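Contents: one structure, followed by commentary.
A short reminder: the numbers here are calculations on the coordinates, not readings from a lab. Note that the structure is predicted; figures quoted are calculated from it, not measured. Virtual Cβ from ideal backbone geometry, glycine too; neighbours counted across all protein chains shown.
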Ligand SMILES: [Fe+2]
Ligand SMILES: [Fe+2]
């Protein structure tokens, strides 16, 4: 059609044209062909896959809780967009083959460098100021250059990805403003220049710009990145080996009031921050699985981070300073340093299987309801639902590894009993005195509730001493 026919064309009764996608004039511009479109989609797919890898790899050893949980969230979002892009590429006369290939050596350097960033500040700037904005710009370019009618399915994929990328930037920008000093920023300039050069050499993340010829010299990724499996925590987390309070013994004792029990449940929720620390290692160190595995495992990892944050919210809502409790890392530290990835997955499945019993998640929800605190009922209601999902994820991805349900469960049991209790060991090494933190927490909550502490509940003083290390398995913390 000529330009005049395009501008003169009127829809029936001036109704929106083309199902609301675009004007006729916009859709009459040819845009990207399938080959060009697929080449770009593969680059976005690669970018999301590498961002997912980086977020996962950096969860365990990132000390700051807000970043640890933020990375858990963003890893999951990236995993979802990887999945969506894989489906879209598969719709475009393209066999799914080729999605594992590196589309551009310069982009590989960009992501390798961010993965290997030695400080939290550099990691944040690399991710949220360089890498993710480059992807956001590439998606915007795609939406403006492709045919809005012919390639509407890709545009939809780009739109949804951009929404979540915007949320990720907001988190990243605020985190950088809180944490990165001007001196740090100054010191990282040569490295930031390397990241920007990598993008320029790649012709932008979409590969749509003229490629700049420039030598790229790897800095932090000159030696291959090694995953740090030792969990780290910020200074609000004290006495990390403490096993001085056994919340399960309190929770399952009918003599104690439901409201006091909610505090033990909140402790168990917040303690779950050790699950992302452990699951990150499984995901990072297990190679060659179908993407569905990484997607499901990342979803579960994110759920466990949410469970920890639900514990945080519950404590704050009850006027309790949770830093006075001992949110330990004994579990993730030991599994990460003493077990292989499949052994860790076996333990996780073994625990989650136990949570489906009558004494597991249903009981915790009943206690939440009985406490009269509607927030506790909500927390435990969703925690229970998530757990049902996690058991299904285990059935799908872990059991087939071992062949059948019984062998899978037996293996989980054996792996877990391999981790014998270190209660005495850590005390003898002077790592903890296993102090009883419970009365402090309980008194704070009672003061907030305006009630006198229940004398029996206040006097609770049972630790994990003499308990099998797998007590967690029958009571549930994952
Ligand atoms: Fe959980
Ligand atoms: Fe779980």
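In the range 322-401, inverting the average of 1/r over every pair of distinct C-alpha atoms gives 14.4 Å as the Kirkwood radius.
Binning the alpha carbon pair distances of the chain at 10 angstrom intervals from zero yields the distribution 4, 18, 25, 22, 16, 9, 4, 1, 0, expressed in whole percent. Here the ratio of the Cα radius of gyration of the range 147-218 to 2.2 N^0.38 Å is 1.50. Each of the peptides 401-411, 448-458 was scored by the mean count of other Cβ atoms within 10 Å over its residues; in descending order, highest first, they stand as 401-411, 448-458. Panel values: the range 209-274, Kirkwood radius from alpha carbon pairs, Stokes-Einstein at 10 °C and 1.306 mPa s, translational diffusion coefficient 94 µm²/s.
At an R0 of 22 angstrom, the distance between the Cβ atoms of residue 223 and residue 178 translates into a FRET efficiency of 0.10. With r as the distance between the Cβ atoms of residue 316 and residue 396 and R0 = 30 Å, compute the FRET efficiency 1/(1 + (r/R0)^6) and round to 0.05. It comes to 0.25.
Look at where the Cα atoms of the range 147-177 and of the range 2-71 average out, and the two centres are 7 Å apart.
Neighbour counts of other Cβ atoms within 10 Å put 10, 287, 68 in the fewest-to-most order 287, 10, 68.
Computed from Cα atoms alone, the Kirkwood hydrodynamic radius reported for the range 247-475 is 18.4 Å.
Dividing the convex hull volume of the alpha carbon atoms of the range 14-102 by its residue count gives 132 Å³ per residue. Convex hull volume of the C-alpha atoms in the range 58-161, normalised per residue: 115 Å³.
In terms of surrounding Cβ atoms within a 10 Å radius of their Cβ, 185, 259 rank from fewest to most as 185, 259. What angle do you read, to the nearest 10 degrees and between 0 and 90, between the alpha-carbon axis of helix 105-115 and the longest principal axis of the chain? The two axes meet at around 20 degrees.
Between 0 and 90 degrees, the angle of helix 258-271 with respect to the longest Cα principal axis of the chain falls at about 50 degrees. Dividing the summed -39500 (n - 2.57) terms of all DSSP H runs of n ≥ 4 by the residue count of the chain sets its mean residue ellipticity at 222 nm at -19500 deg cm²/dmol. The simple spin-label model puts a point 7 Å past each Cα toward its Cβ; for residue 23 and residue 9 those points are separated by 1.2 nm. Multiplying the residue separation of residue 186 and residue 404 by 0.36 nm and subtracting their alpha-carbon distance yields 72.9 nm. Note that the range 301-357 shows a convex hull volume over its alpha carbon atoms of 105 Å³ per residue. Here the scattering of the range 15-201 is modelled by Debye summation over its C-alpha atoms, one equal scatterer each and no solvent; at q = 0.11, 0.15, 0.18 Å⁻¹ the log10 of I(q)/I(0) is -0.52, -0.89, -1.18.
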